[in-house]
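Visitor: Would you mind keeping the following structure in view while I ask a few things?
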Amino acid sequence: MYLAGVSVRRVEGVTEALWGSKVSPATISELNRKAYVHIEEWRNRPLQGGRYPYVYVDGIYLGRNWGGEYENVSILVAIAVNEDVCLFRYF
């Protein structure tokens, strides 16, 4: 939820509604820090494996809530297929 733009306080309320107990803002922030490390490693990994004969690139605008301010954010999506595996990457 936090990665999708929901505030830490609202995440706390949702976890209480779903599981009957609150998750502290500090716990949510720590979990997000851990998640972002893995997400950034994955996003920035080298694309190896030879040729990519099929590449699909598209863009989309999403409305996001960043710190109480609503704005449109553009996202570029690229999907590449080589002889062995389909790779997905967003920017």
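Visitor: Using beta carbons and a limit of 9 Å, which pairs, at least six apart or on different chains, have the first residue in the range 15-43 and surrounded by 10 or more Cβ atoms within 10 Å (Cβ to Cβ) and the second one among the aromatic types (Phe, Trp, Tyr)?
Guide: Listed pairs, sorted by first residue: Ile28/Tyr2; Ser29/Tyr2; Leu31/Tyr2; Asn32/Tyr2; Ala35/Tyr2; Arg43/Tyr90; Arg43/Phe91.
Visitor: Here is a follow-up. Provide a single number: the residues in the range 11-37 that are polar (S, T, N, Q) and closer than 17 Å to Gly67 by Cα. Show your work before the answer.
Guide: Of all residues in the range 11-37, those polar (S, T, N, Q) come to 15, 21, 24, 27, 29, 32.
Okay, now just the ones that are also closer than 17 Å to Gly67 by Cα, so 29, 32.
Number satisfying all stated conditions: 2.
Visitor: Given Leu3, Leu76, which one is modelled with pLDDT under 80, loosely packed, with under 12 Cβ neighbours inside 10 Å and out of contact with any Pro (no Cβ under 7 Å at 6 or more places or on another chain)?
Guide: Details: Leu76 fails: modelled with pLDDT under 80.
The conditions single out Leu3.
Visitor: Could you tell me whether Val11 is modelled with pLDDT of 75 or more and in a strand (DSSP E or B)?
Guide: Values: modelled with pLDDT of 75 or more: yes; in a strand (DSSP E or B): no.
For Val11, the condition - modelled with pLDDT of 75 or more and in a strand (DSSP E or B) - is not met.
Visitor: Take the residues in the range 30-71 that are among the hydroxyl-bearing types (Ser, Thr, Tyr) and under 26 Å from Val11 (Cβ atoms); name whichever of them is nearest to the chain's Cα centre (by Cα).
Guide: Taking the range 30-71 first, the residues among the hydroxyl-bearing types (Ser, Thr, Tyr) are 36, 52, 54, 56, 61, 70.
Among the residues that remain, those that are also under 26 Å from Val11 (Cβ atoms) are: 36, 61, 70.
Working: Tyr36: 8, Tyr61: 15, Tyr70: 18 Å.
Applying the filter and picking the extreme gives Tyr36.
Visitor: So, in the range 40-57, how many residues would count as being within 15 Å of Val77 (Cβ to Cβ) and among the basic types (Lys, Arg)?
Guide: 1
The values are calculated or read from the model by the stated rules, or taken from the named source; none is laboratory data. Just so it is clear, the model here is predicted, and its values are computed rather than measured. Reconstructed Cβ throughout: ideal geometry from the backbone, glycine too, with neighbour counts over all protein chains shown.
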